[in-house]
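The structure under discussion appears below in the form of C-alpha cells.
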Amino acid sequence: MPRREAIEGVVTLPTSGLRATEEQARRFDAEDALSGFKSRFYIPNGKIYMDGNSLGLMSRDAESSLTRVLEEWKRLGIDGWLSARPPWFEYGERLGARVAAIVGADPERVVVTGSTTINLHALALTFLREMPGKNVLADRLNFPSDLYALAGDTALTGGRLKMVDSEDGRFLDEAEIIRAMTPDVGLAVLPSVLYRSGQLLDMPRLARAARERRIILGFDCSHSAGAVPHHFDEWDLDFAFWCSYKYLNGGPGATAVLYLSPRHWAIGPALPGWWGHRKDTQFEMRTEYDQAPAAGAWQVGTPNILGTAALWGAMEVISEAGIERIRAKSLRQTAYLICLIDEMLAPLGFSVGTPREDGRRGGHVALEHKDAWRVCAAMKERGVIPDFRPPDVMRLAPSPLYTSFVDIWNAVDAIGQIVKSGSHLAMDGHPRSVT
C-alpha cells in the first residue's frame, strides 16, 4: 500500500490522532493552507455542498474564462477559431497539456475532447479492431455507462464482455482481477476509483500485470482525476479517459479528456474525424485523412467550445492549489469524516462502505444506511447536499477546494439530528442522482 507523504503547506495527522469534535474541525480549518480557495467558488445558496464527485461547483475563474469566450464569439465571430486568446482551434491540445500536468503525463499524450463514453468507444474500438474475437475484461462495480459501451463494442468485434465479480458488492480484489486476465482477453477496462464505494484500485500493479500478459489496459479516471495524483507515464499505462465536471469543476456536461500512450499512436483511430487531422493541413480539405501525430488524432468532431471554456479557468485553480496538496487535504478530510461517522452515526445504524486506508481511498466516503434515500432527502431540506446510490448508499464528497472541516462537522451533525428526530421517515419520493 502506498505510504502517505507529508505535503508542504498541509499539516497531516494519522487517523488515530483524529477526534470527533467541532473544536478539532475549527483547528484544522485554521491550519489549512488551501482554505482561501473556497472564496473563489460559488456555493449554492450558502449550502453545505458534499456532492463534488458528481458535479463540481463553479469557480469565479471558470466563470471568467467562459465569459471571455462569449465575448470573443460576440466580437470576433468565426475569426475566434484563430484569433481568440487562446485560439479555439487549439483548445483541445492546449487544455490537454494543462490537464496532463495533474495526471503525470507528457502533454502530447492528453487531449480534451468528446464525452467520456464517446472517448471510451473511440479508444476501445481502436484496439478491438486489431484483435477480432478477443474478449474484454471489466467489472460489475464499474459505472454502467462503461459497461454499456463495452458490450456494444465487443458485439461489433466478435468477442464477449467478461466480468470480474465482487464478494461484498463494495470492493474489488486486484488479485482476482489479475487472475481473470486470461489468454482469451485482449482488452481490459477498469475504474481508477469505484464510483459507489470510493475504493482506489492499485493502478500500477494492474498495469504491470496487464503488460506481462500482453493485454491492453485502460482506466476510467472520472472519480479520481483532480482528486488523486496519477503518474500515467511512469506507470506506462496504455490509455485512460475521464470526465471534467466532477473534481475538475469544468461544468455540467463539460468536455471530457483522454490519454493515450505513444506506442499506440501508429495504429490510428478507429473513429477518425476531421478534428483528428493534422492541424497544419486540416483546412486544405483533402479527401485523404492525414492523422495528427499524437493523442489529438483521437478527436472526432469539432469541439464544443462553450462546453470547454470553463475548464480553462477551472484548471487554473487546480494548478494553483497543486494536486499533491489537494490530495493531502482530501485524505485528511475523508479520514476526519470517517472518524465522525464512527463516533456520531454508527450508533444510529450507519456504517462506512469505503476503505479506511489512505492508499485505498479516493475522494469520497460511502455512508450506508437502510433508509439512505430518505436521509438524503431530509438532508437537502436542511441545506446539506449529499448524493444517493441505490440501494442504501449516501456518498459524501468533501472537496478540498471549497469544503471546510466545519462543513464536514455540520453535515454529520445534521445527519444525526435527522435520524434521532425521525424526520427522514416523513420523506416521500426518491432523490435523483445523475453521475
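The values are calculated or read from the model by the stated rules, or taken from the named source; none is laboratory data. All values derive from a computational prediction rather than experimental measurement. Cβ coordinates were reconstructed from backbone atoms using ideal geometry, including for glycine residues, and neighbour counts include every protein chain displayed.
This table checks each residue for (1) out of contact with any Ser or Thr (no Cβ under 9 Å at 6 or more places or on another chain); (2) among the aliphatic types (A, V, I, L, M); (3) surrounded by 15 or more Cβ atoms within 10 Å (Cβ to Cβ).
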| site | (1), (2), (3) |
| --- | --- |
| 230 | no, no, yes |
| 234 | yes, no, no |
| 244 | no, no, yes |
| 250 | no, no, yes |
| 255 | no, no, yes |
| 258 | no, yes, yes |
| 266 | yes, yes, no |
| 275 | no, no, yes |
| 280 | yes, no, no |
- prompt: Being out of contact with any Lys or Arg (no Cβ under 9 Å at 6 or more places or on another chain), surrounded by 22 or more Cβ atoms within 10 Å (Cβ to Cβ) and at pLDDT 95 or above, is that true of even one residue in region 345-354?
  reply: yes
For region 274-290, pairs from a residue that is at positive phi to a residue that is assigned to a helix (DSSP H, G or I), with Cβ under 9 Å and 6 or more apart or across chains, are 285/274
Flag for residue 176 being touching a residue at least 40 places away in the same chain (Cβ under 8 Å) and assigned to a helix (DSSP H, G or I): no
Taking first residues from region 343-354 that are in contact (Cβ under 8 Å) with a residue 24 or more places away in the chain and second residues anywhere that are in a loop (DSSP other than H, G, I, E, B) and among the hydrophobic types (A, V, I, L, M, F, W, C), the pairs with Cβ under 7 Å that are 6 or more apart or on different chains are 343/20; 344/20
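Being part of a loop (DSSP other than H, G, I, E, B) and either within 21 Å of residue 26 (Cβ to Cβ) or among the hydrophobic types (A, V, I, L, M, F, W, C) (or both) is the filter here, so list the residues in region 322-357 that pass it.
Looking only at region 322-357, we keep the residues that are part of a loop (DSSP other than H, G, I, E, B), and these are 322, 349-350, 353-357.
Passing the criteria: only 350.
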Taking region 48-66 and keeping only residues that are within 14 Å of residue 311 (Cβ to Cβ) and polar (S, T, N, Q), one is left with 59, 64, 65
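Yes or no, residue by residue, for (1) touching a residue at least 40 places away in the same chain (Cβ under 8 Å); (2) over 17 Å from the mean Cα position of the chain (by Cα); (3) not in a loop (DSSP other than H, G, I, E, B):
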| position | (1), (2), (3) |
| --- | --- |
| 95 | yes, no, yes |
| 99 | yes, no, yes |
| 105 | yes, no, no |
| 111 | yes, no, yes |
| 121 | yes, yes, yes |
| 137 | yes, yes, yes |
| 149 | no, yes, yes |
